[in-house]
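S.K.: After the structure tokens below, expect a handful of questions from me.
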Amino acid sequence: MSKNKDILGGRTILFADGVERTIQPLTIRQLREFMKAVQDLNTEGGMSDEDIDLMVRAAGIALRQVDPDIANDPEALEDILDLRSFGEVMSAAMGSDPSL
């Protein structure tokens, strides 16, 4: 039970710009938009520009409540995201425990 409480409290992630941001699990409404953004994401065999655009869009949805200026600026998002932080954002946004 304490693990779930920790997850619901959000997850603090260190981004490529050196700033820590706490990502909260998405609401169902946010999750619908998030899932539409990532449904066509294909990371097997390399990533295309379209895949990266989808990643940035999904991360923006997850960051809206935390840092709206960054969330609404795709170029700024590209500057703070790396593959590690993107994966952590995805897990945190979906309320997943990355240690499982």
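S.K.: I'm checking my understanding of the structure. Among residues of the stretch 50-75 that are acidic (Asp, Glu) and modelled with pLDDT of 90 or more, which one is farthest from Leu26 (Cα to Cα)?
M.R.: Checking each candidate, the answer is Glu75.
S.K.: List pairs: first in the stretch 23-36 and under 17 Å from Phe86 (Cβ atoms), second in a loop (DSSP other than H, G, I, E, B) and among the small types (Gly, Ala, Ser), Cβ under 7 Å, 6+ apart or cross-chain?
M.R.: Once the first residue is under 17 Å from Phe86 (Cβ atoms) and sits in the stretch 23-36, its partners that are in a loop (DSSP other than H, G, I, E, B) and among the small types (Gly, Ala, Ser) give Ile23/Gly10; Gln24/Gly10; Pro25/Gly95.
S.K.: Within the stretch 58-87, how many residues are surrounded by fewer than 14 Cβ atoms within 10 Å (Cβ to Cβ), assigned to a loop (DSSP other than H, G, I, E, B) and of a type in the set (A, V, I, L, M)?
M.R.: Residues meeting the conditions: 0.
S.K.: Turning to a different aspect of this structure: Could you check the stretch 58-77 and list, in sequence order, the residues that are under 18 Å from Asp17 (Cα atoms) and touching a helix residue (DSSP H, G or I) at 6+ places or on another chain (Cβ under 6 Å)?
M.R.: Result: Ala59, Gly60, Ala62, Leu63, Arg64, Ile70, Ala71, Pro74, Ala76, Leu77.
S.K.: Quick one: in the stretch 34-45, of everything that is assigned to a loop (DSSP other than H, G, I, E, B) and surrounded by fewer than 15 Cβ atoms within 10 Å (Cβ to Cβ), which residue is modelled with the highest pLDDT?
M.R.: Gln39
S.K.: Okay, next question. Identify, from the list Ser48, Ser91, Ser96, the residue that is in contact (Cβ under 8 Å) with a residue 24 or more places away in the chain, exposed (fewer than 15 other Cβ atoms within 10 Å of the Cβ) and not hydrophobic (A, V, I, L, M, F, W, C). Break it down into steps so the answer makes sense when it comes.
M.R.: Details: Ser48 fails: in contact (Cβ under 8 Å) with a residue 24 or more places away in the chain; Ser91 fails: exposed (fewer than 15 other Cβ atoms within 10 Å of the Cβ).
That would be Ser96, the only listed residue that is in contact (Cβ under 8 Å) with a residue 24 or more places away in the chain, exposed (fewer than 15 other Cβ atoms within 10 Å of the Cβ) and not hydrophobic (A, V, I, L, M, F, W, C).
S.K.: OK, next. For the stretch 30-57, what are the residues that are touching an Asp or Glu at 6+ places or on another chain (Cβ under 9 Å) and under 14 Å from Met94 (Cβ atoms)?
M.R.: Residue satisfying the conditions is Leu41 alone.
The values are calculated or read from the model by the stated rules, or taken from the named source; none is laboratory data. Not measured: the values here are computed from a predicted model. Backbone-built Cβ (ideal geometry, glycine too); neighbour counts: all protein chains shown.
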